[in-house]
Amino acid sequence: MDTTKNFEKDLAEQFVLHTQKNIFLTGRAGTGKTTLLQEILKKTSKKSVVVAPTGVAAINAGGMTIHSMFQLPTKTFIPSSETVNRDYFINRNELVTVQKIRKERRRLLQELELLVIDEISMVRADLLDAVDFTLRRLRKNQNPFGGVQLLVIGDLYQLAPVVKEFIWPTLNRYYKTPFFFSSIAWKHSQAFTIELKKIYRQEDETFISILNNIRNGTRVEADIDRLNANFNHKLKASETITLTTHNSKANAINQTELNRIDTPEFKLNAKITGQFNESSYPTNEQIILKEGAQVMFIRNHSDGLYYNGKIGTVLSKTEDGISVQCEGDAHPIFVEPIEWKNTRYQLNEATNEIEPEEVGSFEQYPLKLAWAVTVHKSQGLTFDHAIVDLEDTFAPGQLYVALSRCRSLEGLTLSSRIRPENIIVDQRVGAFYEISKPPENVAQILQESKQEYEDISLRKSFYLVKIVDHMEVWEEGITEIEIPEKANVFLLARQLKKKSKALQETALKFEKQLYFLTQSEEEEALASIFDRGEKGILYFTEEVHEKLIKPLDDHRRKYMVKPKTRRYIQGIRDLINHLWTYVNTLYAIEYRGSKIYSKEPKYKRVILFNPDSKKGAKKPKRQKGETQRITLELWNEGKSILEIAKERNLVIGTIKSHMSKWIKEGKVPIEKVMDMEKVKTAWECIQNHPDKSSAEIREVIPFNIDYSELSMVRSWAHFSGLDGNKEEEKPQ
């Protein structure tokens, strides 16, 4: 899709990627909202999840339902502590008691930076406030949505939220409309509405103008006359696809046309694995077809063989697939089953990133009978030819959705004439759009928002509240498991939590210093930010490493040799991962396009092996020099050669041979390992007997020396240049 010179598209992308602004991305049918969402998700480095109000919408968006992500009941949320009929409503206090959010999901929501809600037009105001309440509570942040940025996507002129008649009188006490924009949280979110204008589905300017008027509820007599010129009640359903208002009509047409075909029917059964709720099935679990049946593709092909809404006729069925001939195509399309994935999100404890995880799949042919489809289910589809039957139009936006599925006026046929009363628009939607237009100085606001986001990101980089939270989770977890010396572990946990809280207090004070510097307009402010930032990085990385990481790592090593502590050790590893993530984040901070800490990091962590690899999994090939690096790491932590050998379950001679490598490279001083008088005596003997082997040299040295120690002496001589082979130092 050509997206050149699309101002609104570029504006939306910039706001989402480089600011914290909440964005409502909207636009008429065919303006590329879904395509833009996929582009943003590919480009963003923010920790993101995608949710939608229904199971099918969530599957199509590649995310989860809102209720599943936030563990919300199906009852209507009341944004107060007022007790209302508990059969249908739930207030804030009651929500807290029924929400069973596990530790893993809680951590994920605490790390969340960007929440995408697709099909926002179907999301009621109370549901959005329930999401807001959940995020603020779990993140301990009273900003709207707990400080998470929202990107909500949809067209309010199309699908509207469903509100039962007996529910609305109660909801109406809190909300002016059922639409998401009436939610309390959204009103306080200072959100921007960006409407995509460039249309990719239709090219006919006359048709585009008619659609715009109908979308806005403008009843133009000339538009209605032009549409009614396409009225043809004689066109048969078998000749194209009919868009109608009710499921019963669509099903009746499809079944009637299928029965007319005098060929054997065949059944296509879906293959379902893992977790996949029936309400989320993207198509029928069993599809009944015949050769000659008219079908519609319900998904885009990865290589462009077909698209969502393409119409064709079944030619034949084999064990491997189905041949479908589409009008205008030279050759039939060979169709095979494809897979839809049911996704949930998890927090990768090692990388601290939010990642999608497949929990189930639905495999079926991407086809359905296509003599008729409801307007509701035609959402997102594109047709070259269609019959529109809107005699019983009953909901706002139905006429617009139906007409906008067609590429052109030429491909549109009306089975009933359009009357002015068919053009139904919720005036509250129009009023919202009118007051939500971006201001004229939106470009300036974008630049200011980018700078504000960069300033906030700089300050947040030093924020330690999540570390305190992780310490508390670790402490809570100790009560759930049985481990040796539990009282001592509790004592250590409390000590480290106390240290992390004290460090957080210091971080808060430092954050305030940075705030005043970023707000300053003085010329030297930028230099001061870099100076203070570098000193802050040095201080906090050292404090976290020495006061938190080292004690935890020592504790982990101690407990690794104790029985039945595997689960507990995993928790310690997770905690250490979070601490290292914080350290690495500080070293990586950039501001105004430059790194604040440009020197070599004082503290580095190298993942030398994966102790958490699954049983039975193929072990990764050990990297060259890896075992020597592990020895060096332990040595640098203050362990002796004997302690390293015990911890690694290796003989002392092996550890000494590792040390020989590091002595040769100057990373370990030999005087820390051997007596220097012995080193010099041994080297003198080696020089005096250049033709003797190591075994013969040992015989002439006047004290006991093993082969690994002899190797260390040679390495020392090499590093010192005494053997005439010292290499020139390479530039760092």
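Tell me yes or no: at least one residue of the stretch 158-171 is hydrophobic (A, V, I, L, M, F, W, C), modelled with pLDDT under 95 and under 25 Å from the mean Cα position of the chain (by Cα). No, the stretch 158-171 contains no residue that is hydrophobic (A, V, I, L, M, F, W, C), modelled with pLDDT under 95 and under 25 Å from the mean Cα position of the chain (by Cα). Figure legend. Inter-residue proximity from the stretch 197-223: first residues among the acidic types (Asp, Glu), second residues part of a helix (DSSP H, G or I), beta-carbon distance below 8 Å, spacing 6+ or different chains. Indicated pairs: 223/209; 223/210; 223/213; 223/214. For the stretch 64-83, filtering for residues that are assigned to a loop (DSSP other than H, G, I, E, B), out of contact with any Lys or Arg (no Cβ under 9 Å at 6 or more places or on another chain) and crowded, with 19+ Cβ neighbours inside 10 Å leaves 1. Evaluate the stretch 482-496: report whether one residue or more is acidic (Asp, Glu) and surrounded by 15 or more Cβ atoms within 10 Å (Cβ to Cβ). So far as the stretch 482-496 goes, no, none of its residues is acidic (Asp, Glu) and surrounded by 15 or more Cβ atoms within 10 Å (Cβ to Cβ).
For the stretch 303-337, a residue qualifies if it is in contact with a strand residue (DSSP E or B) (Cβ under 9 Å, 6 or more places away or on another chain), small (Gly, Ala, Ser) and in a loop (DSSP other than H, G, I, E, B), and the qualifying residues are 309, 321.
Please state which one of 245, 170, 218 is more than 30 Å from residue 80 (Cβ to Cβ) and touching a Phe, Trp or Tyr at 6+ places or on another chain (Cβ under 9 Å).
Numbers: 170 fails: more than 30 Å from residue 80 (Cβ to Cβ); 218 fails: touching a Phe, Trp or Tyr at 6+ places or on another chain (Cβ under 9 Å).
After ruling out the rest, the residue left standing is 245.
Summed over the stretch 523-576, the residues that are free of Cβ contacts under 8 Å to residues at least 60 places away in the same chain and farther than 26 Å from residue 490 by Cβ give a count of 9. Selection of the stretch 84-127 for residues being part of a loop (DSSP other than H, G, I, E, B), basic (Lys, Arg) and under 20 Å from residue 167 (Cα atoms) yields only 86.
Of the residues that sit in the stretch 373-403 and are of a type in the set (Gly, Ala, Ser) and within 19 Å of residue 122 (Cα to Cα), which one is most open to solvent (accessible area, probe 1.4 Å)? Full working, then the answer.
As a first pass, look at the stretch 373-403 and keep what is of a type in the set (Gly, Ala, Ser): 378, 380, 386, 395, 397, 402.
Filter again for within 19 Å of residue 122 (Cα to Cα), leaving 378, 380, 395, 397, 402.
On the way: 378: 0, 380: 45, 395: 25, 397: 8, 402: 0 Å².
Among those residues, the one meeting the criterion is 380.
For residue 543, are the conditions met, namely being part of a helix (DSSP H, G or I) and either modelled with pLDDT under 90 or not aliphatic (A, V, I, L, M) (or both)? Criteria met by residue 543. Quick one: in the stretch 655-697, of everything that is in contact with a Ser or Thr (Cβ under 9 Å, 6 or more places away or on another chain) and open to solvent by 50 Å² or more (accessible area, probe 1.4 Å), which residue is modelled with the lowest pLDDT? The qualifying residue modelled with the lowest pLDDT is 657.
For the stretch 289-328, taking the residues that are of a type in the set (D, E, K, R) and at pLDDT 90 or above, the one that is farthest from residue 253 (Cα to Cα) is identified as 317. Per the conditions (1) touching an Asp or Glu at 6+ places or on another chain (Cβ under 9 Å); (2) at pLDDT 85 or above, the sole criterion not satisfied by residue 713 is (1).
With 374, 413, 343 as the choices, which residue is touching an Asp or Glu at 6+ places or on another chain (Cβ under 8 Å), at pLDDT 85 or above and β-branched (Val, Ile, Thr)?
On the way: 374 fails: touching an Asp or Glu at 6+ places or on another chain (Cβ under 8 Å); 413 fails: touching an Asp or Glu at 6+ places or on another chain (Cβ under 8 Å).
Residue meeting the stated conditions: 343.
Restricting the stretch 571-602 to residues that are closer than 16 Å to residue 633 by Cβ and outside any helix (DSSP H, G or I), which is least open to solvent (accessible area, probe 1.4 Å)? Step by step, filter the stretch 571-602, then rank; the result is 601.
So that you can scan it fast, the table gives a plain yes or no per residue for (1) modelled with pLDDT of 90 or more; (2) among the polar types (S, T, N, Q); (3) surrounded by 11 or more Cβ atoms within 10 Å (Cβ to Cβ); (4) touching a helix residue (DSSP H, G or I) at 6+ places or on another chain (Cβ under 8 Å):
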| residue | (1), (2), (3), (4) |
| --- | --- |
| 563 | no, no, no, no |
| 569 | no, no, yes, yes |
| 604 | no, no, yes, no |
| 609 | no, no, yes, yes |
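Could you please find all residues in the stretch 134-154 being open to solvent by 10 Å² or more (accessible area, probe 1.4 Å), touching a residue at least 12 places away in the same chain (Cβ under 8 Å) and part of a loop (DSSP other than H, G, I, E, B)? Passing the criteria: only 140.
For residue 101, are the conditions met, namely being modelled with pLDDT under 95, under 26 Å from residue 111 (Cα atoms), touching a Ser or Thr at 6+ places or on another chain (Cβ under 6 Å) and open to solvent by less than 50 Å² (accessible area, probe 1.4 Å)? So residue 101 fails the test.
Within the stretch 254-290, the set of residues being part of a loop (DSSP other than H, G, I, E, B) and crowded, with 17+ Cβ neighbours inside 10 Å comprises 270, 276, 281, 282, 283.
Screening 359, 373 for residues that are part of a strand (DSSP E or B) and more than 23 Å from residue 254 (Cβ to Cβ) leaves exactly one candidate, 359.
When the stretch 422-442 is limited to residues that are in contact (Cβ under 8 Å) with a residue 24 or more places away in the chain and assigned to a helix (DSSP H, G or I), the one that is surrounded by the most Cβ atoms within 10 Å (Cβ to Cβ) turns out to be 429.
The values are calculated or read from the model by the stated rules, or taken from the named source; none is laboratory data. Here the structure is a predicted model, which means the values were calculated and not measured. When we count neighbours, we look across all protein chains shown, and the Cβ atoms used for this are built from the backbone with ideal geometry, even at glycine. We work out accessible area using only protein heavy atoms, side chains counted, and drop any ligands, DNA or RNA first. Shrake-Rupley method; radii C 1.70, N 1.55, O 1.52, S 1.80 Å.
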